[in-house]
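Colleague: The following block contains the structure, expressed as structure tokens.
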Amino acid sequence: MVATDSSSAPPLASSPDPTSGSNHAGFASLLAQARAGNRDALGELLQWYANYLTILASTQLDRRLRRRLNPSDIVQEAMMAAHQDFGDFRGTSQGELLCWLRTILIHTLHRSFKRNVTVEKRDIRREVSLDSVSNRLEESAGNLAAILPANSPSPSAPMQARERAVALADQLSELKPHYREVIVLRVLQGLSFDEIAQRMDRNCGAVRMLWLRALESFKNK
């Protein structure tokens, strides 16, 4: 998996929480409208998952690639493809839609890498293992649930793993970029404080303090 350097990551878009009860009902309504040809409804539906896709795209870009590729641009290209090919989506659930969107994102990353990176005698698809990143994100949702404030939804609530990952990405989008970066590197990618210090060009003590401030900010969201 390509290493993350999210120091230059742009702020993520604000999205509604697709895991709430009202949005579960809203999903079915928007999906029906989108299938009836309502492009505005389709745009609103896809926007729910923009933060999730942006987090996944960000984890695939190291410092070198970030000079050429922007996660937001990659996600925008993927969203355009989703709009164009929405007639091919046959699912009925949010989980199925997320799986379909991740597949589109994989193909978009693959095309972007082919345009911007010279790879000799190596299958670039192996380098863009987006499913493994997605699984890590979903696992991290459970880890982050332990640091949620008391008035947050219970981590034991009946919520699918993919939906927890979407909610996690939306919460991360509300943080300052350097707070989001240290949480992603520490929790999502499992890096040590020494490794994070090298990635963020800070000393280890400063990274530990940043980590504590990031957790406090996350709890207050």
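The values are calculated or read from the model by the stated rules, or taken from the named source; none is laboratory data. Keep in mind that what you see is a predicted model, and the values were worked out from it rather than measured. Note that we place each Cβ from the backbone using ideal geometry, even for glycine, and neighbour counts take in every protein chain shown.
Colleague: I'd like to verify a number: residues in the range 69-108 that are under 18 Å from residue 169 (Cβ atoms) and not in a helix (DSSP H, G or I), how many?
Modeller: Looking only at that region, the number is 1.
Colleague: Further question on the same structure: Among the residues in the range 194-201, are any outside the structural domain of residue 56 (by TED's automatic domain parsing), modelled with pLDDT under 85 and farther than 24 Å from residue 94 by Cβ?
Modeller: No, that holds for no residue.
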